[in-house]
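The values are calculated or read from the model by the stated rules, or taken from the named source; none is laboratory data. Bear in mind the structure is a predicted one, so any value in this text is a computation, not a measurement. Cβ coordinates were reconstructed from backbone atoms using ideal geometry, including for glycine residues, and neighbour counts include every protein chain displayed. These accessible areas exclude ligands, DNA and RNA; they are computed on the full protein's heavy atoms, side chains included. Shrake-Rupley method; radii C 1.70, N 1.55, O 1.52, S 1.80 Å.
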2 protein chains.
Amino acid sequence: MGLTGKANCMKISEVSERTGLSISTIRFYEKSGLCPFIKRGTDGKRTFSKSDADWLELLASLRATGMPMAKMRAFANLYACGDDTIQERKAALLVHGQSLEDRQAELDRCHTILNRKLQRYDDMMKDQK
Amino acid sequence: MGLTGKANCMKISEVSERTGLSISTIRFYEKSGLCPFIKRGTDGKRTFSKSDADWLELLASLRATGMPMAKMRAFANLYACGDDTIQERKAALLVHGQSLEDRQAELDRCHTILNRKLQRYDDMMKDQK
DNA sequence: TAACGACCTGAAGCTGCTATAGGTCAAGCC
DNA sequence: GGCTTGACCTATAGCAGCTTCAGGTCGTTA
């Protein structure tokens, strides 16, 4: 009855909800080689294990913070090669973490510009009266 | 001699340097109606006034913080209509400022996920030994 | 049994640039 | 004068990263 397949096995809609990636995007990522290890049920539908879902969540974070697909693909290849590559993956995440911090600084800078502009609008409106 | 045209008049390369937008992007923005008021010299080259450059700098901030072109175009239309629209422009910037803060929060969230992942890599490497 | 909903595929479309090809013009050099 | 160089110009094609659409397969439910 209400069993969602094997426990520990999620449907694409559940993964979508959890990761914030759209269903189309998940399929697109699979096609692009970011998660070639997703299994299918006998009915041809994708079945996601807990660790598949975790992986997609990490991908979502990387993408949301601006990692280009080419790098994500490289990262995915390391992941697919197993635990020997952890050192390399760690290095990649560290590099990306730096660029994320740069990005945050850039957003702050833009925020300041925005606020200065708002201030100027206020000044102009005062002058008009 | 070394005079760069009228003072108060910049070339596209100078505006590019100052705003961080590529020269192509500036031309593309003009074609897209984000700055239809840029004048040309008798030689057909674009000549940017100080306020043109300021405007493009603001556009750059908006774009860098994720405002879609359609909204930028709406904003540009208000700008082109003159000072009567300041109230509306201010409202638009406030709305965008909110979405910018949301975006910053999202980046922070992703940053946390990244760091947790790094921590887990460290744990795994310890276990391997 | 028919209709619904959740999944599937492949291909086309969209946004926001970026790169390429080909041309104009002024400045500097021989 | 003739030649090259460099900064600009246009128009068009290409690319990344999705999203949307058309059309099809299941399993469940009324």
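Using a 7 Å projection from Cα along Cα-to-Cβ, the label point at B:C81 is separated from the same position in the remaining copies by 5.8 nm, smallest value first. The B-A contact accounts for approximately 3300 Å² of buried accessible area, totalled over both chains at a 1.4 Å probe radius. Legend: calculated FRET efficiency, A:T42 to A:Q119, from the Cβ-Cβ distance at R0 = 51 Å, rounded to 0.05, equals 0.20. What whole-number distance in Å separates the alpha-carbon centres of the stretch B:78-129 and the stretch A:11-31? Each part reduced to its Cα centre gives a spacing of 22 Å.
Using C-alpha pairs below 8 Å separated by at least 6 residues, the relative contact order for chain A is 19 percent. Of the solvent-accessible surface of the protein assembly as shown, computed with a 1.4 Å probe over protein heavy atoms with every protein chain present, carbon and sulfur atoms account for 53 percent. Relative to the other identical copies, A:I113 shows label-point distances of 2.8 nm, where the label point lies 7 Å from Cα along the Cβ direction and values run shortest first.
Accessible surface of B:I113 in the full protein assembly, 1.4 angstrom probe, to the nearest 10 Å²? That residue has around 20 Å² of solvent-accessible surface. Check each of the GluC sites (Glu not before Pro) in the stretch B:1-73 and keep only those in coil by DSSP with at most 10 other C-beta atoms within 10 angstrom; list them in order. Within the stretch B:1-73, no GluC sites (Glu not before Pro) qualify (loop, at most 10 other Cβ atoms within 10 Å).
At a threshold of 40 Å², the residues of the stretch A:50-72 that become less accessible to a 1.4 Å probe in the full protein assembly than in their chain on its own are A:L58, A:S61, A:A64. If only the Cβ of Lys and Arg carry +1 and only the Cβ of Asp and Glu carry -1, the dipole of the protein assembly as shown around its Cα centre is close to 640 debye.
Solvent-accessible surface of the protein assembly as shown, taken per residue with a 1.4 Å probe and all protein chains present: 60 Å².
Across the alpha-carbon atoms of the protein assembly as shown, the computed radius of gyration and Dmax are 24.2, 86 angstrom. With the Kirkwood sum run over all distinct C-alpha pairs, the stretch A:9-128 has a hydrodynamic radius of 16.8 Å. Checked against a 22 Å cut-off, the cross-linked pairs A:K50/B:K117; A:K117/B:K31; A:K11/A:K31 give Cα-Cα distances beyond that limit for A:K117/B:K31.
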